């Protein structure tokens, strides 16, 4: 299956979200994250933590490593990663995570700002407030 153009990375001027929790579930199918404040937005002292569960297949399809980006540009990237799980999660400096997957792919570096953007996309648009 071919995918559309890769999602742009957040601009360097955007604030890096504070990560309060990083947890891999037992079946290794979801990476659970807790950001202080709302993802991809400046955190405030009064903002509650935003929690997100990103699936391993979605994270694998969102990989921005050089090989995956080149495959996307050539139109040879398959975004069908059903059944893929996370095998390893490791810090990458102070700004992101290196994720390894059960299909052998271990080159993906996911900056916290990118993870926050993926979490915001997964949450969907904010629903308008409905007043009776």
**OP:** For region 56-76, state whether one or more residues are within 19 Å of residue 110 (Cβ to Cβ), assigned to a strand (DSSP E or B) and modelled with pLDDT of 90 or more.
**Re:** no
**OP:** Kindly establish whether residue 121 is in a loop (DSSP other than H, G, I, E, B), under 21 Å from residue 29 (Cβ atoms) and at pLDDT below 95.
**Re:** no
Original post:
Restricting the search to region 34-53, which residues are at pLDDT 90 or above and in contact with a helix residue (DSSP H, G or I) (Cβ under 6 Å, 6 or more places away or on another chain)?
Top reply: 52
Original post:
When both residues are 6+ apart or on different chains and their Cβ atoms are under 9 Å apart, which pairs have a first residue that lies in region 108-121 and is closer than 21 Å to residue 67 by Cα, and a second that is at pLDDT 90 or above and part of a helix (DSSP H, G or I)?
Top reply: 108/59; 108/60; 108/68; 110/59; 110/118; 115/59; 118/58; 118/59
Subject >> Per-region count, region 81-99, residues out of contact with any helix residue (DSSP H, G or I) (no Cβ under 8 Å at 6 or more places or on another chain) and farther than 22 Å from residue 116 by Cβ >> reply: 1
Subject >> Pairs where the first residue, in region 12-33, is farther than 14 Å from residue 99 by Cα and the second is at pLDDT 95 or above and in a loop (DSSP other than H, G, I, E, B), C-beta under 9 Å, 6+ apart >> reply: 27/85
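The values are calculated or read from the model by the stated rules, or taken from the named source; none is laboratory data. All values derive from a computational prediction rather than experimental measurement. Glycine gets a Cβ as well: all are built from the backbone with ideal geometry, and neighbour counts include every protein chain shown.
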